[in-house]
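Taking it in order: structure first as structure tokens, then the write-up.
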Amino acid sequence: TNKKSDKLEKIIKEKNNDSNEFYKWYYSLKTAKVDSESEVFWVDGLGSEWFSFIQSYLIQITKSSKYKISDYRFVRVNIPSTTKNNRFENAHHILDLDRFNHSASTYLFPDNFIKQIDLVKDIFDKIIETARGKKISIVSDHGFSFLCRKEFGNFKILNFENDNHEGRCMFTDKPTKSDKDFLSHK
């Protein structure tokens, strides 16, 4: 629908009300554990917003093949959720989705969304083809929340100098106190 629902607004306010509430849900998620025997494919920018789509798509494309899906895990990344802070060593680093999302000067709904769906399908088709029967793990470092877009009022809301990732985070040595709009994390 390309809009923020009342239900989502309520969940965000409840779960991110303050640092205690945020950390309670955030640290309830496990961290990624990659099987040492598997070949790792790191899809940069593939966030939790794609989780149910990926599950459905993988089930669909593996039904008629010798592949078996053994596990799905919804896990947390390191804060801040930037690529620099969430690297997967010795992985096939797939940048297609991240590049597409960063290259779009304006988000056009539904056109960009349809392109993202096709791109995610292509990425997973290539991963399955490349895997050729090997055990694989597919991981990611961050997603692209629609809530960061200008029309939802959160784009560079604090307008920090020296911010990173379109105003989503800033690194500082100065003591900073959390408030309703941001979380100071050490």
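Pairs are defined by a Cβ separation below 7 Å, a sequence spacing of at least 6 or placement on different chains, a first member in segment 96-116 that is touching a residue at least 12 places away in the same chain (Cβ under 8 Å), and a second member that is in a helix (DSSP H, G or I) and among the β-branched types (V, I, T); the pairs so defined are D96/I123; L97/V120; L97/I123.
For segment 1-14, how many residues are of a type in the set (V, I, T) and either open to solvent by less than 70 Å² (accessible area, probe 1.4 Å) or in a helix (DSSP H, G or I) (or both)?
2
Can you confirm whether D44 is within 15 Å of the chain's Cα centre (by Cα) and among the charged types (D, E, K, R)? It is true that D44 is within 15 Å of the chain's Cα centre (by Cα) and among the charged types (D, E, K, R). Among the residues of segment 53-62, the one identified as within 16 Å of L119 (Cα to Cα) and open to solvent by 70 Å² or more (accessible area, probe 1.4 Å) is S56. In segment 15-42, the residue that is nearest to I79 (Cα to Cα) out of those that are among the small types (G, A, S) and exposed (fewer than 11 other Cβ atoms within 10 Å of the Cβ) is S28. If the condition is being farther than 18 Å from I61 by Cβ and either in contact with a strand residue (DSSP E or B) (Cβ under 9 Å, 6 or more places away or on another chain) or of a type in the set (K, R) (or both), then segment 96-137 contributes D98, R99, K115.
Only one of the numbered conditions (1) open to solvent by 100 Å² or more (accessible area, probe 1.4 Å); (2) modelled with pLDDT under 85 is violated by S65, and that is (1). Among the residues making up segment 85-118, a single one is at pLDDT 90 or above, more than 30 Å from K33 (Cβ to Cβ) and open to solvent by less than 40 Å² (accessible area, probe 1.4 Å): N112.
Would you please name the residue that is nearest to V43 (Cα to Cα), looking only at residues in segment 72-84 that are touching a strand residue (DSSP E or B) at 6+ places or on another chain (Cβ under 9 Å) and open to solvent by 60 Å² or more (accessible area, probe 1.4 Å)? It comes out as K84.
Can you tell me which residue within segment 156-180, out of those that are open to solvent by less than 80 Å² (accessible area, probe 1.4 Å) and modelled with pLDDT under 70, is farthest from N112 (Cα to Cα)? Among those that are open to solvent by less than 80 Å² (accessible area, probe 1.4 Å) and modelled with pLDDT under 70, it is F160.
The values are calculated or read from the model by the stated rules, or taken from the named source; none is laboratory data. Predicted model, so just to flag it, every value in this text is computed and none were measured. Glycine also receives a Cβ, built like all others from the backbone with ideal geometry; neighbour counts cover every protein chain displayed. All accessible areas refer to the heavy atoms of the entire protein, side chains included, with ligands and DNA or RNA removed. Shrake-Rupley method; radii C 1.70, N 1.55, O 1.52, S 1.80 Å.
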